[in-house]
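Read through the structure below, which is laid out as structure tokens, and then see the notes.
Just so it is clear, none of the values below were taken in a lab; they were calculated from the coordinates. Please read these numbers as outputs of a predicted model, since none were measured by experiment. Every residue, glycine as well, gets a Cβ built from its backbone with ideal geometry; the counts of neighbours run over all protein chains shown.
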Amino acid sequence: MRQIQKYFPIIPVFAAYLAMFLIAESMEGMWQLMSMLLFYCALGQAFNVFMGMTGYVDFGYVAFMGVGTYGMALSITRLAQYEFLGAWILVVGFGLALVMSTLLSMAVGAVALRLRGAYFAIATIGVNEGFRFLIEGARIWNGSEGMIFTADLNKILGRETAAALCTYWADIIVLVLAVLAACVTLVYMRGKIGYALTALREDEDAAKVMGINVTKFKIIAFITSACLAGLLGATAWALKTPYVFPPEVFEIHYTIEAIIIVMLGGAGTLLGPVIGGLVYGISKYYLSIFLPGFQLLIFAPVILVIIVLFPQGIVGMLKARTKGTGLERFIV
Amino acid sequence: MALLQLEHVTKRFGGLVAVNRVSLEIEEGAFVGIVGPNGSGKTTLFNVINGVFFPEEGKLTFRGQDITRLPPFRRAPLGIGRTFQIPRPFASATVRENIAVGAMFGTQGHKLSVDGSLEVADQIIERVDLTAHRDKAAGTLTPVEKKLVEIARALAMKPRLLLMDEAMAGMHPNDIDQMVAFIKRVASEENIAIVAMVEHIMRAVIGLAEKVIVLHQGSKIVDAPTKEALQDPRVVEVYLGRAPEGEAC
């Protein structure tokens, strides 16, 4: 029983995702909002695996989504001529997205993870910009022209299936990825790696002296987080909108959003990115309707207030409030 | 064979020789005090022993294995534990989790599961009387409690050698006596050699240490059984200074 109880905190996360899915399915006109919210939750959840658990802020995170998008785009455009492969091309695309984001994260991690704190953050800022300029400047993968593969997708899957993929199934895959990221987070939290990451987040030198191979655990978390980002890019960007342009997929704005979501919800918590994603997504959605252009101007002070008043984020506050009550074991 | 052996170990920081050709041996289960005034190289020596710094010269052998170039996280599983002068518990983690980390990555780490480590933590929490604080975040404790958590975390590693960096500084004399008695008991039960670094609280050392090593400006000047060491004129000199020659006191 105790073995199962350890995993109870996944219940509220699943409940939130299920509720979002049901609302989107049953209520007219809600799909678009839900698809955006799901994207933000998944983004936060994936980002949290590294930033939340290690305390390292990776400003180049969007690059992993970018290469993931390219992984899917490349396999669709290059393999479209082999029509008999059908949907397997998408499987290859996910595989390629995984491989590319893993390779990039290993390369970045090998250099940047030797640095700490602000130095790490600064070192990673260059990653997405550098990668974008590399693609544009060296004219790799069509350079700045990008790739549009709506036609290829139609050819592979047929027009109707391709349309259903873009408008429906891509969002479902994002949901699956969000759930996957939540499961990975909880498994990590409950495993030795979770304890190691908490230790190194709090005091890296003391952690080393306690026998923790901090570099190993940091790299594992970094690669895991990057892989999830790669898959998310391949789904939410390549499958949902079948084109890819370097300035769009290497836009630092998404990294900032991921940081806001994680900080808002509670870094290093399981439920945090879900709540952060919902709060951020909903406010952004309505702000863009009622006060278009003012979102960031409003978010900046909100974030400041949150950092000062609830440094542990919304879920951190909830955790403190529910301490000693029956809800305690559900909120992690 | 000695548990830990240092041969002519030198550690420099630029032009400063922090540890100068120090050789010493720590036997299994021994209780050794390292004494020396501020800046005498005690902390650097500890950092060399547990791998935070690698020495420029010399050789370290632990249980027959050359550990001179071994990173700290590989030394801990061999059985080298450490507490810090200013306690450094993992602040956001609970007391129980802190102590479990010790068990998880210590000498028994490879065969302990997460749950197993938490059980070890529970046993130790009971022994050090932290039960009331078990599920509190370690960052919220008082300094003395933090110190206790740190000692408990180090003991959970089941080390063969425990380096204690001014573990007693800042504690009430009564607490020190209790803590000292407790550490001594656990150390002899589990055959842990303890090397305690002492700057001010000589009382604790005298009560416990079988042997005292005195450092002065990075060099070892005395290495003798406690009583002898404390009467050694060089020790008196290091701490109190020399009487001016030819002057009547």
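Couple of notes before you dig in:
- Verdict on B:GLU145 being among the acidic types (Asp, Glu), over 19 Å from B:GLY106 (Cβ atoms) and in contact with a His (Cβ under 7 Å, 6 or more places away or on another chain): yes
- Taken over the range A:303-327, the criterion of being surrounded by fewer than 14 Cβ atoms within 10 Å (Cβ to Cβ) and without any contact (Cβ under 8 Å) to a residue 12 or more places away in the chain is satisfied by A:LEU304, A:VAL305, A:VAL308, A:LEU309, A:PRO311, A:ALA320, A:ARG321, A:LYS323, A:GLY324, A:THR325, A:GLY326, A:LEU327.
- Selection within the range A:197-209 - part of a helix (DSSP H, G or I) and either more than 7 Å from chain B (Cβ to nearest Cβ) or surrounded by fewer than 19 Cβ atoms within 10 Å (Cβ to Cβ) (or both): A:LEU197, A:LEU200, A:ARG201, A:GLU204, A:ASP205, A:ALA207
- The listed residues are B:VAL48, B:VAL95, B:VAL52, B:VAL32, and the only one of them that is touching a strand residue (DSSP E or B) at 6+ places or on another chain (Cβ under 6 Å), within 14 Å of chain A (Cβ to nearest Cβ) and surrounded by 17 or more Cβ atoms within 10 Å (Cβ to Cβ) turns out to be B:VAL48.
- Subset tally (residues that are surrounded by 14 or more Cβ atoms within 10 Å (Cβ to Cβ) and either aromatic (Phe, Trp, Tyr) or touching a residue at least 24 places away in the same chain (Cβ under 8 Å) (or both)) for the range A:285-301: 2
- When A:ILE193, A:ILE172, A:ILE212 are checked against the criterion of being of a type in the set (Val, Ile, Thr), within 14 Å of another protein chain (Cβ to nearest Cβ) and part of a helix (DSSP H, G or I), a single residue qualifies: A:ILE193.
So that you can scan it fast, the table gives a plain yes or no per residue for (1) within 21 Å of B:GLU27 (Cα to Cα); (2) away from every other protein chain (no Cβ under 14 Å):
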| residue | (1), (2) |
| --- | --- |
| B:LEU155 | yes, no |
| B:HIS172 | no, yes |
| B:SER188 | yes, yes |
| B:ALA193 | yes, yes |
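- Residue match in the range A:15-29 (condition: without any contact (Cβ under 8 Å) to a residue 24 or more places away in the chain, within 16 Å of A:TRP169 (Cα to Cα) and not in a helix (DSSP H, G or I)): no
- Scanning the range B:57-74 for residues that are under 22 Å from B:SER23 (Cβ atoms) and at the interface with chain A (Cβ under 8 Å from one of its Cβ atoms) yields a single hit, B:PRO72.
- Between A:PHE120, A:PHE131, the distinction of being of a type in the set (Phe, Trp, Tyr), more than 16 Å from A:VAL67 (Cα to Cα) and in a helix (DSSP H, G or I) belongs to A:PHE120 only.
- Hits in the range A:1-38 - residues which are among the hydroxyl-bearing types (Ser, Thr, Tyr) and under 23 Å from the mean Cα position of the chain (by Cα): A:TYR7, A:TYR17, A:SER35
- Pairs with Cβ under 7 Å, 6+ apart, first in the range A:166-191 and buried (at least 21 other Cβ atoms within 10 Å of the Cβ), second assigned to a helix (DSSP H, G or I) and charged (D, E, K, R): none
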